[in-house]
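The values are calculated or read from the model by the stated rules, or taken from the named source; none is laboratory data. Quantities reported herein were computed from a predicted structural model and do not represent experimental measurements. In this analysis, Cβ positions are derived from the backbone assuming ideal geometry, glycine residues included, and neighbour counts consider all displayed protein chains. What goes into the accessible areas is simple: the full protein's heavy atoms, side chains included, and nothing from ligands, DNA or RNA. Shrake-Rupley method; radii C 1.70, N 1.55, O 1.52, S 1.80 Å.
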There are 4 protein chains.
Amino acid sequence: MKIGILTSGGDCPGLNAVIRGVVLKGTTSYDLEFVGIRDGWRGVVEGDFMPLTRHEVKGLSKIGGTILGTSRTNPYEGERGGADNIAKTLYGHKIDGIIAIGGEGTLAAADRLSKDGIKVLGVPKTIDNDLRATDYSFGFDTAVNIATDAMDRLRTTGDSHQRCMVAEVMGRHVGWIALHAGMAAGAHAICIPEVPMSIDEIAAQVTSAHDRGRAPLVVVSEGFKLKGMDEAYSDKGLDAFNRPRLGGIGDQLAPLIEQITGVETRATILGHIQRGGSPSAFDRVLATRLGLHAADAIVDGAWGQMVAMKGTDIVRVPFEEALGELNTVPRYRYDEAAALFG
Amino acid sequence: MKIGILTSGGDCPGLNAVIRGVVLKGTTSYDLEFVGIRDGWRGVVEGDFMPLTRHEVKGLSKIGGTILGTSRTNPYEGERGGADNIAKTLYGHKIDGIIAIGGEGTLAAADRLSKDGIKVLGVPKTIDNDLRATDYSFGFDTAVNIATDAMDRLRTTGDSHQRCMVAEVMGRHVGWIALHAGMAAGAHAICIPEVPMSIDEIAAQVTSAHDRGRAPLVVVSEGFKLKGMDEAYSDKGLDAFNRPRLGGIGDQLAPLIEQITGVETRATILGHIQRGGSPSAFDRVLATRLGLHAADAIVDGAWGQMVAMKGTDIVRVPFEEALGELNTVPRYRYDEAAALFG
Amino acid sequence: MKIGILTSGGDCPGLNAVIRGVVLKGTTSYDLEFVGIRDGWRGVVEGDFMPLTRHEVKGLSKIGGTILGTSRTNPYEGERGGADNIAKTLYGHKIDGIIAIGGEGTLAAADRLSKDGIKVLGVPKTIDNDLRATDYSFGFDTAVNIATDAMDRLRTTGDSHQRCMVAEVMGRHVGWIALHAGMAAGAHAICIPEVPMSIDEIAAQVTSAHDRGRAPLVVVSEGFKLKGMDEAYSDKGLDAFNRPRLGGIGDQLAPLIEQITGVETRATILGHIQRGGSPSAFDRVLATRLGLHAADAIVDGAWGQMVAMKGTDIVRVPFEEALGELNTVPRYRYDEAAALFG
Amino acid sequence: MKIGILTSGGDCPGLNAVIRGVVLKGTTSYDLEFVGIRDGWRGVVEGDFMPLTRHEVKGLSKIGGTILGTSRTNPYEGERGGADNIAKTLYGHKIDGIIAIGGEGTLAAADRLSKDGIKVLGVPKTIDNDLRATDYSFGFDTAVNIATDAMDRLRTTGDSHQRCMVAEVMGRHVGWIALHAGMAAGAHAICIPEVPMSIDEIAAQVTSAHDRGRAPLVVVSEGFKLKGMDEAYSDKGLDAFNRPRLGGIGDQLAPLIEQITGVETRATILGHIQRGGSPSAFDRVLATRLGLHAADAIVDGAWGQMVAMKGTDIVRVPFEEALGELNTVPRYRYDEAAALFG
């Protein structure tokens, strides 16, 4: 059997470890042959492939990013897109099935293609940890480690200057990175998309920490929406024109916090450094195991499913279980962390 | 209520985060009071206590080791040991119960004391991950990260000199650190206590990797026993007197591997660096959550149990579930990793 | 003799190591007594002191920030400022002299106070490495390491998405951090305050790297000024209103580069993480040695000077040598690095 | 001109950055052509070469080890060795000159070959920093950082258990790594080859630190020789047969320290992890600059010399200046550090 592998969506530490795991297991334990598909679904649609033997995956477990490249192409769009065209392309290249490593959009496309008769196996990938049906996804642990390390650094500056430091981390729709990194770094406030807060609530936590002699640390997910942001700016007499527009939510919160609490406040947007570089050991092990089990699943003909982590095991789940709703931070997990605020 | 907290056995990254979690939750959400017990059970037996308020736990989540000190004292030994004496000591200091953070020995003592009428709550601590009834224990992830980073470094030397590198990691009775770090670092052989191997089997994996042009990496748990070590030394004509005696198993394997394979081989014993220093974000979160839930358990009167990790949740389990047998690496997990060897 | 120690200006990894070095040498080799001055010159002016014995400096070499606090107060301003008032305050507290650890502003004030009769010894501190008369200043090496590590991470994202990554680093007036981190990370363009460039020159380097199949990395000092920024925005037809205003220069360059080159471009502002956290070994050694030599200098009565690094030695230089002009990147050092661009 | 590049002796972080620097500068600024010589002088003697264009050096600045391989072959030994044979081999492959990156032995061979008419340019490489005529050599800073990080970790274990920790670092003939890492990590005793000490002197420092409530940290260079080691073992009544024989000096000191001081003592031999892995930013910059200047030197015909670091500059020095005597730790540098011991 000849299997194509693709990586799709934003890059994530561990993608290469998955690829290596699949190829090593598939070629040494079974008799599978692999081709790399360039730049996610684009390579499927355009028939852009590269060799993918044992040689190409050598030493990959520790390398960040993806050797296959990635894109946000939708396989149902474009002249050569759609299940029929893709079936022809795969047939033409004698590719029997596809392993698609990606997030919600990728897996939704995989599900649809699967129902349209293409053999697809999924591997969940989300640095935000926003996919259901897997306890954790690779990349998340690395991101949390990077964010935690950055906050450890920010705190020494906060302490020396008696400042409030605001750290904006990734998390467009869910607050897992903020929750874990904030808990790990000892944050005094954690602002996540799942838990609406007003600027006065945030300021109260900052003031409380400051009153106890601490330099307050506020962690905020990029997707956090402040209740009444525009009103807050005008209420506090801040120049609306000077309100940072293209910066992150962290840039926007800082002047408000400073205005209300009187504590000098600085924001740092951690940005892309959270998703790059060498994966943590946890992510390498998780990604490698997902890859190994993906090879098993192919041999078992378990198409239309994805491999996932449950407890300490790797299991198979139908695509639907992972789709639909996002894996948001439940209220009890936020409350658990909030007990540390003060 | 006044609660004593102790840390016992070998130190472990995350101990301080547990202490901080308990104290913050216990003092801000409930009305608990805490005292620190110095050097594990020694402090209980000798009545050696220290203040433990919110002030003492400030900033502790990222600090390795334990501010309470630790020892390997058995609470049932010595003149002032035993449940009756301990009950008197605790009564004299108005201490209502104890949180014991420790490994198998500590939890076994806690179980016995508990059955003898002392109120004890357990928090599992083992860097080796050898305790049942918890998916992971804090300290393990940090150790795996440190070992993986060290092996990444060893590999560049191996590659430059075309050498076989042997890395000995912690794991007296179980091979979890070797398994995870070896998988993360791309090892060509993993030798763990659970899977007996002969020197010829190890050498065959080294030769196979070397023949494929790789610099072989062998990871070995400190508790690995080679089948027929003495015979191997004399069979291979190596001077028995020069056989390293006080070094680790890694030191002993290296000359044998070199002799059999003809590949220059060097051993490194990672040793104590695996258990020290700042915890990884994963371990900080796990340890903090165990601490938070320990405070809840006290308020619920859940004595005689320990808090533990199951999937993404923190649960309570009776001491017995964690004791008796060790959490060894199951054969299917070893075989899973072995698929990567070649 | 009783000596006050202060840290002034922005915090910097190594400040605590200097303090520890001074106090350990001064108390064990000589008979000096120390007091900590809180928050830089503010503490001098307001007479705000704290105990500073061997006990307080325990374990400080690896701790970022400053235990003394810092501020940007000018000692010649305010009701209680000025040399005469300060002399009285010091006399009242029986303080014989001051060690001032700080950057250009601090050392200029120290110089003036010194000429006005106050005994002051300087220790140079600048994360930007912008002080003359010292080969390197502590904090710089740590900042370069952090920036380099961040860029290593950014590159994996760049490579996976075939994007141009723009990394903005510290350096208000000089480009040393950009030069060193850019060279260490293999940047394809380095934009520093000392070397004016137009957007077309930068874009040409990006295009050249992209044409060779590389994901371009552009490093820019926060103090870099683009020749004709406003014109560039209007020339390229970019909406002036959407031009990022409060973000850094990196945020402003990215859309221009994308517009001209057609290569998707993302910016990351590293910000405060560059100045916090544990110092690198180089900075710990440098800072500790400066502290040790500062204690010697006091005993020698070498007031009115600062300690500095020359080659591998610590020397004393008069304040004037460090003041006046900044230590900018000389053209030949920029050209040296530019040979790597393409 | 066609130039061969070789790396010789033990591997060292930064070797690849030198190679990249030479090749990028030589091919883009000049018209040089390069070939890689495999495994040091072995490749010269045996005529074993590999392509070395811009393509091969892509992304190398952060990669540890050497892509060219290394060995300890002496170019004057063997049937095909010696200046005449080498001249013929180089002539046969149209190689005009050699860049030899290596330590004392390599540079001595380069000097001799140079005097015998072969065009050789040297680049100093020593992780121990034992070469004269260069302020620092690349690899040293990385080793010090790794050793310092390891000691930071060891200290938390020492503190938790009130133990003395002995850390053995690299340094066969000189104590630079021990001196810098010991100073950076706050060691209580530093034992280096240059400063003879008896076990009683070391024990006195351990006891002094222990009496002040510290967990003593002893750093020892692998090349440190204890005055009267055998006598010490028999004097202290320790079983000579159980004295560790193949372990390092650290393993041998620990039981003696424990016996004399009564403080539980553990040794860790850091070993090969100090020389592997990604170089620090300092080493990447130093190595890259040495490479750039090596290309310049070739174009200038500066054969028979080596490039070196002086202050912040890269200079050229004749081979002799680097040879003969080692760069040992001067007594005043040891005394400087000793002021911190107590």
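3J(HN,Hα) couplings calculated from phi for region B:140-150 with the Karplus curve 6.51 cos²θ - 1.76 cosθ + 1.60 (θ = phi - 60°) are, in sequence order, 5, 4, 4, 4, 5, 4, 5, 5, 5, 4, 4 Hz; Gly and Pro show x. Shape class for the protein assembly as shown: rounded, because the ratio a/c of the largest to smallest gyration tensor axis (alpha-carbon atoms, square roots of eigenvalues) is under 1.5. Sorted from nearest, the other copies put their residue A:173 label points 4.6, 5.0, 6.5 nm away, the label point being 7 Å from Cα in the direction of Cβ. Think of each Lys and Arg Cβ as +1 and each Asp and Glu Cβ as -1; about the Cα centre, that makes the dipole of region A:5-149 roughly 380 debye. Shielding of peptide B:260-267 by partners, expressed as the average count of other chain Cβ atoms within 10 Å per residue Cβ, is 1. Here residue A:227 is the anchor, and the lysines within straight C-alpha reach of less than 20 Å, apart from those fewer than 8 places off in the same chain, are A:236. Normalised by the number of residues in chain D, the average gap of Cα pairs under 8 Å and 6 or more apart makes the relative contact order 23 percent. Applying the Karplus relation 6.51 cos²θ - 1.76 cosθ + 1.60 with θ = phi - 60° to region B:156-165 yields 3J(HN,Hα) values of 5, 5, x, 5, 5, 9, 6, 10, 8, 10 Hz, where x marks Gly and Pro. Inter-copy label distances at residue B:335, shortest first and taken from points set 7 Å along Cα to Cβ: 4.5, 6.7, 6.9 nm. Between the amide H of residue D:305 and those of D:122, distances stay under 5 Å, these residues lying 5 or more places away or on another chain, with hydrogens modeled in the peptide plane.
Taking a ≥ b ≥ c as the square roots of the eigenvalues of the Cα gyration tensor, region C:140-275 is oblate, since a/c reaches 1.5 or more and a/b is not larger than b/c. With r defined as the distance between the Cβ atoms of residue B:79 and residue A:320 and R0 fixed at 56 Å, what FRET efficiency is calculated, to the nearest 0.05? Here the calculated transfer efficiency is 0.25. Note on D:53-64: average number of Cβ atoms from other chains within 10 Å of each residue's Cβ is 3. The residue B:235 and residue C:313 beta-carbon pair, evaluated with R₀ = 56 Å, returns a calculated FRET efficiency of approximately 0.45. For the protein assembly as shown, with all protein chains in place and a probe radius of 1.4 Å, 47% of the accessible heavy-atom surface sits on carbon or sulfur.
With label points defined 7 Å past Cα in the direction of Cβ, position residue C:311 shows copy-to-copy spacings of 1.0, 6.7, 6.7 nm, given to one decimal and shortest first. In region D:117-137, the residues whose accessible area drops by at least 20 square angstrom when the other protein chains are added to the isolated chain are D:135, D:136; the probe is 1.4 Å and only protein heavy atoms count. Ligands, DNA and RNA are left out, and with a 1.4 angstrom probe the accessible area of the protein assembly as shown is 33 Å² per residue.
The HN-Hα couplings worked out from phi for region D:334-342 by the Karplus form 6.51 cos²θ - 1.76 cosθ + 1.60 (θ = phi - 60°) are 5, 4, 3, 5, 5, 4, 8, 6, x Hz, whole numbers, x standing for Gly and Pro. Please give the helix A:15-28 orientation as an angle from the longest Cα principal axis of chain A, in degrees from 0 to 90, rounded to the nearest 10. In chain A, helix A:15-28 runs at an angle near 30 degrees to the longest axis.
If only the Cβ of Lys and Arg carry +1 and only the Cβ of Asp and Glu carry -1, the dipole of chain A around its Cα centre is close to 820 debye. Separation of region B:264-280 from region C:159-212 is 37 Å, based on Cα centroids.
Dipole of chain D computed with +1 at Lys/Arg Cβ and -1 at Asp/Glu Cβ about the Cα centre; of D:274, D:204, D:154, farthest Cα towards the positive end is D:274.
Summarising the rotation from chain A to chain B, the nearest chain A beta-carbon to the axis and its distance in Å are given as A:311, 2. Scanning residues 5 or more positions from residue B:267 or on other chains, those with amide H under 5 Å from its amide H are B:166, with H placed 1.01 Å from N in the peptide plane.
Spin-label model, residue A:112/residue B:53: points 7 Å from Cα along the beta carbon direction are separated by 6.2 nm. So, R0 is 25 Å and r is the distance between the beta-carbons of residue D:28 and residue D:302; what FRET efficiency does that work out to, to 0.05? Plugging the Cβ-Cβ distance into 1/(1 + (r/R0)^6) gives 0.80.
Projecting the Cα atoms of C:169, C:253, C:237 onto the charge dipole of region C:140-275 (Cβ charges, centred on the Cα centre) puts C:169 farthest toward the positive pole. Here's the picture: charge each Lys and Arg Cβ at +1 and each Asp and Glu Cβ at -1 in chain D, and of D:326, D:288, D:223 the one pushed furthest to the positive end of that dipole is D:288.
Close amide H pairs (under 5 Å, H built 1.01 Å from N) link residue C:197 with C:227, residues at least 5 positions away or on another chain. Computed from label points 7 Å out along Cα-Cβ, the spacing between residue C:173 and residue A:201 is 4.6 nm.
Counted by Cβ distance under 9 Å from residue B:323, the other residues give a net charge of -4, where Lys and Arg count +1 and Asp and Glu count -1.
Taking the Cα centre of region A:140-275 as origin and assigning +1 to Lys and Arg Cβ atoms and -1 to Asp and Glu Cβ atoms, the resulting dipole is close to 200 debye. Expressed to the nearest 5 percent, the antiparallel share of DSSP beta bridges inside chain B is 25 percent.
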